[in-house]
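Heads up, the thing below is written out as structure tokens.
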Amino acid sequence: MSVLHTWGSALTHHPHVHMVVPGGGLSRDGSKWIACRPRYFLTVEVLSALFRRLFLEMLVAAHAAGHCSSSAIMWRLADKAAFKAYLAPLREIDWVVYAKEPFAGPRQVLRYLSRYIHRIAISNHRLVSANEKGVAFSTRIIGSTDRPATR
């Protein structure tokens, strides 16, 4: 199970994926569960490089098939050369994978993620105004006891 988020807790652009990966898999014939080695299936260094490669390969395939043209950003990258240039620096940087064992067991992880993935960045009750020039919303500054501020 994986969920793509495009913002961080401070509502800034911060694309990241939350993913639950089982600690093993079914045998080829599907008759039994084969657990991975203790702790983790792969080191975070290997997982980071593998995830980056596979993600970018699938993104290139989706782009070639015309599945990445709906957003304004992707529309500007419709040209194959522009898209390739856009991806080039992403192939060179380290992608960070943070892995940890379930803190209170698998059920708690799924409960937490199910609540977390359905949150929205700016709920309707926080919207103050919206037009072609921008969006204004109310927010609380962490640590402040003042009234909500408008951004």
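The values are calculated or read from the model by the stated rules, or taken from the named source; none is laboratory data. Please read all numbers here as calculations on a predicted model, not as lab measurements. Positions of Cβ are backbone-derived with ideal geometry, glycine not excepted, and every protein chain shown enters the neighbour counts. The accessibility values were calculated without ligands, DNA or RNA, using every heavy atom of the protein model including side chains. Shrake-Rupley method; radii C 1.70, N 1.55, O 1.52, S 1.80 Å.
Calculated FRET efficiency, K80 and L54, Cβ-Cβ r, R0 25 Å, to nearest 0.05? Once rounded, the FRET efficiency stands at 0.80.
For K133, no lysines have a Cα falling under 24 Å of its own Cα, not counting residues fewer than eight places away in the same chain. A straight Cα-to-Cα reach below 18 Å connects K80 with the aspartates and glutamates E57, residues fewer than 8 places away in its own chain not being considered.
Where a Cα-Cα gap under 26 Å defines reach, which lysines qualify for K32, not counting those fewer than 8 residues away within the same chain? Partners within reach: K100.
A 1.4 Å probe, protein heavy atoms only, puts the accessible area of V128 near 90 Å².
Shown here for the stretch 14-68: chymotrypsin sites (Phe, Trp or Tyr not before Pro) in loop regions (DSSP other than H, G, I, E, B) with at most 15 other Cβ atoms within 10 Å, namely Y40, F41. Using a 1.4 Å probe on the protein heavy atoms only, what accessible surface does R53 show? Give it in Å² to the nearest 10. The accessible area comes out at roughly 120 Å².
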